[in-house]
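In what follows, a structure is listed as structure tokens, so that the remarks can point back to it.
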Amino acid sequence: MLATITDTRGVIAIAAAAVAVVALVACVVLSVAVRRLRRDQRVVLGERREQDVVAHAAAMQEAFEALRGYVDDTAMSLDARLAGVETALRSTLAHRALVRYDAYNELSGHQSMSIALLDDDESGIVLSCIHHRDQARVYGKQVRGGRGELELSPEEAEVVRLAIAGGGFTGDEHSA
């Protein structure tokens, strides 16, 4: 029996069997690697097996370009809308102030007051309420560009100045 193992045919048979075992192990390893690759490919590509990685990458590039176009269009639309809103906001109340005073020096607790309500162009109205012991009068004057269309009293001019300067509703008292 030892003679069959050591003769040339026996050595070739053993070598062939060893090569076959190595080839079989290599096939198993490659089979496992291909299964992992296909599983990973399904994760990337989805269940569309007819598409290869290059076609998938091209489709993704097209989708990103379409998305970029949509985002650019949306940004332009939002910019246009924002410009419209900014234009509309220019005519809203942006500056306001209140000055309280004693119009008749009667020590009545500064019950008279003037209020300025102006937009971003410093235009709007000044309302003055003058309180006396037995009566109260309300006056309204239009303001354009920070100046009254009619002559403003010192208190009205002060409230317009405070509004433009950002004085707000401070409750500052001003004596006449």
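Look at (1) in a loop (DSSP other than H, G, I, E, B); (2) outside the structural domain of A165 (by TED's automatic domain parsing) and you find that L78 fails only one, number (1). The one condition from (1) part of a loop (DSSP other than H, G, I, E, B); (2) out of contact with any helix residue (DSSP H, G or I) (no Cβ under 6 Å at 6 or more places or on another chain); (3) surrounded by 12 or more Cβ atoms within 10 Å (Cβ to Cβ); (4) at pLDDT below 90 that E122 does not meet is (2).
The values are calculated or read from the model by the stated rules, or taken from the named source; none is laboratory data. Here the structure is a predicted model, which means the values were calculated and not measured. Every residue, glycine as well, gets a Cβ built from its backbone with ideal geometry; the counts of neighbours run over all protein chains shown.
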